Amino acid sequence: MTSLLNSIDTGHEDMIHDAEVDYYGLRLATCSSDHSVKVYDIKNGAHNLIDDLKGHFGPVWQIAWSHPMFGNLLASCSYDRKVIIWKETQGKWSKYYEYANHDSSVNSVQFAPAEFGLILACGSSDGSISILTYQSETNNWDAKKIQNAHTIGCNAVSWCPAITPEPAFDSNHVGPMQKRLVSGGCDNLVKIWKEEDDKWVEEKKLEVHSDWVRDVAWAPSVGLSRHTVASCSQDRRVVIWTSEDCQSWSSNILQTFDDVVWNVSWSLNGNILAVSGGDNKISLWKQNLDGAWKCISDVTKGQATNNEQRAL
Amino acid sequence: MSTISVLQEGPVNALALNKDNSQVAIGGRNVFKVYSIEEDCFKEICNLRASKHLNLSFSCNDVAWSSTDDNYLATAATNGHVCVWNLTKSGKAMQEQVYQEHKRTVNKVNFHSSEPYRLISGSQDGTMRYFDMRCKAAVATFLSNTESVRDVQFSPHMPHTFAAVSENGSVQLWDVRRTEKCIQQFTAHSGPIFACDWHPEATWLATASRDKTIKVWDLTTSKPTLDYTIHTIASIGHVKWRPQRKYHIASCALVVDCSINIWDIRRPFIPFAAFNEHKDIASGVAWRGDSQVFLSTSRDCSLIQHSFKDASRPASKANIQALDISTKGNTLFGMRVPVSTNTTKPTGLMRKSSTSTISDQFHQSASVLHQFTHVSVCNDLSSFEFLAKNYILYGRSFPEMCEHNAAVAKECGKSNISTIWKIVNTMYGELYVKIQAMHNNGGLNLMNNVDASSTEKKNNDVVGEAAAAQFSSADDDVEGEDQVDHTAVANGYHTYNKYGHPKGDFSFGENELDLELDALSIDYRNGMRNQNQLQQQEDWTLPNEAFNIRHEIRDRSPPPEQFPNNNSPDFNDDSHSSTVDEQPTWLVSVSKIPPMPIWDPSASLIESLKHHAEKGDVQTSVSVLIVLGEHRKNLKTLDENTVTHWLMGYIQTLERFRLWNVKALVIELAWIPSISQMNQQSTRINTNCSQCLKPLQRSGWLCDRCHSTDASRCSICHQVVKGLYVWCQGCSHGGHLMHMQEWFSKNKQCPTGCGHLCEYR
């Protein structure tokens, strides 16, 4: 079912921490411990390096593409406590904005759905989440910070899609769409945040995980009548959270894996969930008619060497 | 040994351990103490600032402990003094020597490792001085020819050699016996070097700089070679090699980063370990003789003993994998792979131990990025694109569109979607319309002129096909029961009872119910007919027949609901049909029959559309709704929010696939105002001056730059048009709306005489 299409020679000198394909699937960006971010053109399945973005002074943990209506923007976050937004103008990438207001490693960046404007959320090991909003009038970025979002640190952030099960644009409900995001952290919690009167408040605290939450992903809800969030943790579990109203959430443990689960990622339609774990396995999951999640594919490639934790 | 700490009155600049690592001396502007290191605490032995005779020479930039005599300390004072302290004495006498030779602050003092009484100092004044504690003055002075010397360190390998680093980025090696010229000099960094440290065993010298790098130099040859470079996040103030770990070095930053990082020089990007106990910049590091414990001082006024077991491991917190599903459905997966640095081939005798020590693996870090493809996921996405491009959503008759779309869906293997189209066609196409018509005409039978034999043939064909399809999905155990049912049920049909056929359930998704709709729709029809004892046959799906009738009835209101749904056969419940003993249908032609009751398939259709949307396939739901056109009115229970949500979802997905034309079409065909408005958004016309091509910004008729109004003159009256300006997009001539209207009521050509046959729409 699943087959290896190709391997991409990134030329990174150290571990790759994130790889993201842009909105149209035309470009790939990768980031690595070697402080660099690389951008590739995808043409007929081949990946050609366009640029090697240097500007970080530490390992780059995560990258995020903006919606193309804002131009070609790429955000990256690093161990050096900085978030850099890169912009492509006439084929050349350059630093567009740098945000240095975190006191520790920044672990996660994610652009908000385009409907909300050009907004970036950043989760840091200092426990806070920053929400950077581009103000076109002043050509500036306005930063709001959720302090102490997660004690010890925030590992992942993900935005609620703008096209939600209850569209806000019916006649009875005129006003701005509700901005929401989900975050996961070292306090083993998954938290739902919403913007209320210009401030970000905690809407819900989801407790199931018994160890650090490594990744969270809010499913694109194309056609679905409810919100779905996937979270994965060092406790080796993946949890699927569902809610009709973002108030009451029910949890459903997808599976307990053999190793730490590092990533969860939804397909375009939100009907397939990809999970990757420390055992270097990726599996694809799909919900069947009874609502149960079924593994439709399982790939193992090599053995992980994640035992350095005990090294002295 | 555990992590312990003690707080001081002021910031601490430096620390030094005694010979056997049992005591530590710390110094700062207001701090100068000696502690003994106990099991779980620091015990103050001596406070050298307790003296009444405090002066600036008590203010320490650096402190050093004699490596030969435990009673001697040396300090580098901010006022340029180098002081030697005798711990066996007390009071003023402790300050055994005060060398007032440097003109500016002294940055560093360092005892010779083997020769007693000897120490060296490096100062901001650019000089280094070599002292013998028994002499009142320096025994040698070295001029660095740089502005300031930040660090001096005796080499552990060459007894007379010391290294000095300067703010101009240069490293000098001196022989203490030769004051006139350094042995070696090289530029190591582009910025000031703040510290250096000799490797205890290897001939490496590590240098730390404001340029955020730590560099490791091999000094075995006359030309130094740069072996390793570590990139850190901030300027580095101090470095110290870790004992017993050849490749490890500790560093602390001058700004930004309060943690003490331990690096493996072979992996220069991420610290091997980090210690985050300090709340301000760390000012000094000293290893306690073994690799597991070190002490540090900080501007946060604390002295901390760190134990390696409490270290945090930044690399272990890092996500070791990258995962993304692309628009095309491919899965990108970056993962860590073990790198073998062992290039020599293992011989038969020396079998390489499979369990190399864990710390050996830290530096071996690389990832590979694979792209996987998953057949069903990719198929889903590629067929999405195919369907979006090939569906016909307008401009043809309803049955034609349904037929076409069903064929398109079938072509890319989506038989379940194809089925939906056929069902929709059946339910809302000709039959539905006719039933409506019939009902409205008070039971007039319009359909008795049927060519029975041809229908029979066709029927057999489709059923045969259905049966084949049925067999192809033999793994579908859900159907087992139904088949049994059907065999019993359909005994009136000689063609059916051979195989039976599946239940008309709309749940095609997961089970990939691979049945042909022709069979299904016949089943439905039969169900209806059975119910009504209507015994006739007709090829309901013949599209060209439906054409006229459809248009006649197109604007009729939905059928009255005098026949509630529960009285009519439900798709999910075909047991209705089983109760009726069926007669062969093609034999009978009835001239007068009772009106067919109107069965409203809307509920089932809504169910079906919702089901597809739930599965993430809004494409089907939206496309069916669009093609349904006026029939949408019947779907009363489908609320607008849901439909809007589907439409938005479909439009967004089309955007992802860059199917702009389809997107625009869907928006145009959307019947919900909030969606169809999308096509009217963000269309802007920019006007430029026809003379200088500069955009007209302030007003539409006067150019700011060349003050020309030519662009906005009416071609008829030659006046400037300040209100509505109409123009032909072909020749770009125009003018006052009134004038142009008048002109074109009589003429066809452009009023300017350019010869263009202007078109105004």
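The values are calculated or read from the model by the stated rules, or taken from the named source; none is laboratory data. What you see is a predicted model; the values in this text were computed from it and never measured. Note: ideal-geometry Cβ built from the backbone for every residue, glycine included; neighbour counts use all protein chains shown.
Looking only at the stretch B:721-730, which residues are more than 14 Å from B:Thr687 (Cβ to Cβ) and surrounded by fewer than 17 Cβ atoms within 10 Å (Cβ to Cβ)?
If we filter the stretch B:721-730 for residues that are more than 14 Å from B:Thr687 (Cβ to Cβ), which is where we start, we get B:723, B:728, B:730.
Within the stretch B:721-730, B:Gly723, B:Gly730 meet the criteria.
For the stretch A:130-139, the criterion of being within 15 Å of the chain's Cα centre (by Cα) and assigned to a strand (DSSP E or B) is met by at least one residue. There is at least one residue in the stretch B:253-273 that is under 22 Å from B:His363 (Cα atoms), crowded, with 20+ Cβ neighbours inside 10 Å and of a type in the set (Lys, Arg).
For the stretch B:223-256, a tally of residues being facing chain A (nearest Cβ under 10 Å) and touching a strand residue (DSSP E or B) at 6+ places or on another chain (Cβ under 9 Å) returns 5.
What is the residue count in the stretch B:287-333 for residues that are of a type in the set (Val, Ile, Thr) and at the interface with chain A (Cβ under 7 Å from one of its Cβ atoms)? Lay out the reasoning, then the answer.
Going through the stretch B:287-333, the residues of a type in the set (Val, Ile, Thr) turn out to be B:293, B:297, B:304, B:320, B:325, B:327, B:331.
Applying the additional criterion that residues be at the interface with chain A (Cβ under 7 Å from one of its Cβ atoms) yields B:320, B:325, B:327, B:331.
Final tally of qualifying residues: 4.
Among the residues of the stretch A:194-229, the ones that are under 19 Å from A:Ile129 (Cα atoms) and within 14 Å of chain B (Cβ to nearest Cβ) come to 6 in all. Applying the selection to the stretch A:49-64, what residues are without any contact (Cβ under 8 Å) to a residue 40 or more places away in the chain and within 11 Å of chain B (Cβ to nearest Cβ)? Result: A:Lys54, A:His56, A:Phe57. Tallying residues that are among the polar types (S, T, N, Q) and in a loop (DSSP other than H, G, I, E, B) within the stretch B:174-203 yields 3. Identify the single condition in (1) surrounded by fewer than 23 Cβ atoms within 10 Å (Cβ to Cβ); (2) over 14 Å from B:Val34 (Cβ atoms) that B:Val82 does not satisfy, given that it satisfies every other one. So the condition that B:Val82 fails would be (1). Name every residue in the stretch A:100-125 that is over 26 Å from B:Ser259 (Cα atoms) and part of a strand (DSSP E or B), in order of residue number. Within the stretch A:100-125, A:Gln110, A:Phe111, A:Ile119, A:Leu120 meet the criteria.
Residues checked against (1) β-branched (Val, Ile, Thr); (2) modelled with pLDDT of 85 or more; (3) more than 27 Å from B:Pro268 (Cβ to Cβ):
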| site | (1), (2), (3) |
| --- | --- |
| B:Ile304 | yes, yes, no |
| B:Phe333 | no, yes, no |
| B:Val337 | yes, no, no |
| B:Gln361 | no, no, no |
| B:Ser376 | no, no, yes |
| B:Leu381 | no, no, yes |
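Against the test of being in contact with a Lys or Arg (Cβ under 9 Å, 6 or more places away or on another chain), among the hydrophobic types (A, V, I, L, M, F, W, C), within 13 Å of chain B (Cβ to nearest Cβ) and buried (at least 20 other Cβ atoms within 10 Å of the Cβ), the options A:Val190, A:Val260 yield a single qualifying residue, A:Val260.
Restricting to the stretch A:1-43, what's the tally of residues that are under 22 Å from the mean Cα position of the chain (by Cα), closer than 26 Å to A:Asn107 by Cβ, among the acidic types (Asp, Glu) and more than 7 Å from chain B (Cβ to nearest Cβ)?
Taking the stretch A:1-43 as the starting set, the residues that turn out to be under 22 Å from the mean Cα position of the chain (by Cα) are A:8, A:10, A:12, A:14-42.
Then keep just the ones that are closer than 26 Å to A:Asn107 by Cβ; that gives A:8, A:10, A:12, A:14-23, A:25, A:27-40.
The next check asks that each one be among the acidic types (Asp, Glu); those that pass are A:14, A:18, A:20, A:22, A:34.
Within this subset, residues satisfying the condition of being more than 7 Å from chain B (Cβ to nearest Cβ) are A:22.
The qualifying residues number 1.
Here B:Val176 meets each of (1) surrounded by fewer than 20 Cβ atoms within 10 Å (Cβ to Cβ); (2) among the β-branched types (Val, Ile, Thr); (3) closer than 17 Å to B:Ala76 by Cβ with one exception, condition (3).
Just to be sure I understand, how many residues within the stretch A:222-268 are within 25 Å of B:Leu625 (Cβ to Cβ) and more than 16 Å from the chain's Cα centre (by Cα)? So the count comes out to 7. The set of residues in the stretch A:68-93 that are among the polar types (S, T, N, Q), more than 23 Å from A:Ile16 (Cβ to Cβ) and not in a loop (DSSP other than H, G, I, E, B) contains only A:Thr89.
Name the residue that is nearest to B:Ser326 (Cα to Cα), counting only residues in the stretch B:632-641 that are touching a Leu at 6+ places or on another chain (Cβ under 9 Å) and not in a loop (DSSP other than H, G, I, E, B).
Going residue by residue through the stretch B:632-641, those that are touching a Leu at 6+ places or on another chain (Cβ under 9 Å) are B:632, B:634-635, B:638.
In the following step, the residues that additionally are not in a loop (DSSP other than H, G, I, E, B) were identified as B:632, B:634.
Numbers: B:Arg632: 35, B:Asn634: 38 Å.
Only one residue fits best here, namely B:Arg632.
Cβ-Cβ contacts under 7 Å between residues 6 or more apart (or on different chains), taken from a first residue in the stretch B:137-155 that is of a type in the set (D, E, K, R) to a second residue that is part of a loop (DSSP other than H, G, I, E, B), are listed as B:Glu147/B:Gly126; B:Glu147/B:Glu167; B:Glu147/B:Asn168; B:Arg150/B:Glu167; B:Arg150/B:Pro192. Every listed requirement among (1) closer than 30 Å to B:Thr331 by Cα; (2) buried (at least 17 other Cβ atoms within 10 Å of the Cβ); (3) charged (D, E, K, R) is met by B:Glu403 save one, (1). A:Ala46 meets the conditions (1) more than 10 Å from chain B (Cβ to nearest Cβ); (2) touching a helix residue (DSSP H, G or I) at 6+ places or on another chain (Cβ under 6 Å); (3) of a type in the set (Gly, Ala, Ser) in every case but one. The failed one is (2).
I want to confirm something. Restricting to the stretch A:147-189 and keeping residues that are β-branched (Val, Ile, Thr) and modelled with pLDDT under 95, which single residue is farthest from A:Ala64 (Cα to Cα)? Give the derivation first.
Taking the stretch A:147-189 first, the residues β-branched (Val, Ile, Thr) are A:151-152, A:157, A:163-164, A:174, A:182.
With the extra rule that they be modelled with pLDDT under 95, the set shrinks to A:151-152, A:163-164, A:174.
Details: A:Thr151: 24, A:Ile152: 23, A:Ile163: 20, A:Thr164: 21, A:Val174: 31 Å.
So, considering only residues that are β-branched (Val, Ile, Thr) and modelled with pLDDT under 95, the one farthest from A:Ala64 (Cα to Cα) is A:Val174.
Which residue pairs have Cβ atoms under 6 Å apart, sit 6 or more places apart or on different chains, and have a first residue in the stretch B:618-646 that is more than 21 Å from A:Ser221 (Cα to Cα) and touching a residue at least 60 places away in the same chain (Cβ under 8 Å) and a second that is polar (S, T, N, Q) and buried (at least 19 other Cβ atoms within 10 Å of the Cβ)? Correct list of pairs: B:Asn634/B:Ser602.
Scanning the stretch A:19-35 for residues that are over 13 Å from A:Leu74 (Cα atoms) and of a type outside the set (A, V, I, L, M) returns A:Tyr24, A:Gly25, A:Ser32, A:Ser33, A:Asp34, A:His35. Residues that are within 12 Å of A:Ser233 (Cβ to Cβ) and part of a strand (DSSP E or B) within the stretch A:193-220 comprise A:Leu206, A:Glu207, A:Val213, A:Arg214, A:Asp215, A:Val216, listed in sequence order. Out of the residues in the stretch B:363-377 that are within 9 Å of chain A (Cβ to nearest Cβ) and outside any strand (DSSP E or B), state the one that is farthest from A:Ile8 (Cα to Cα). Ranking the candidates gives B:Ser376 first.
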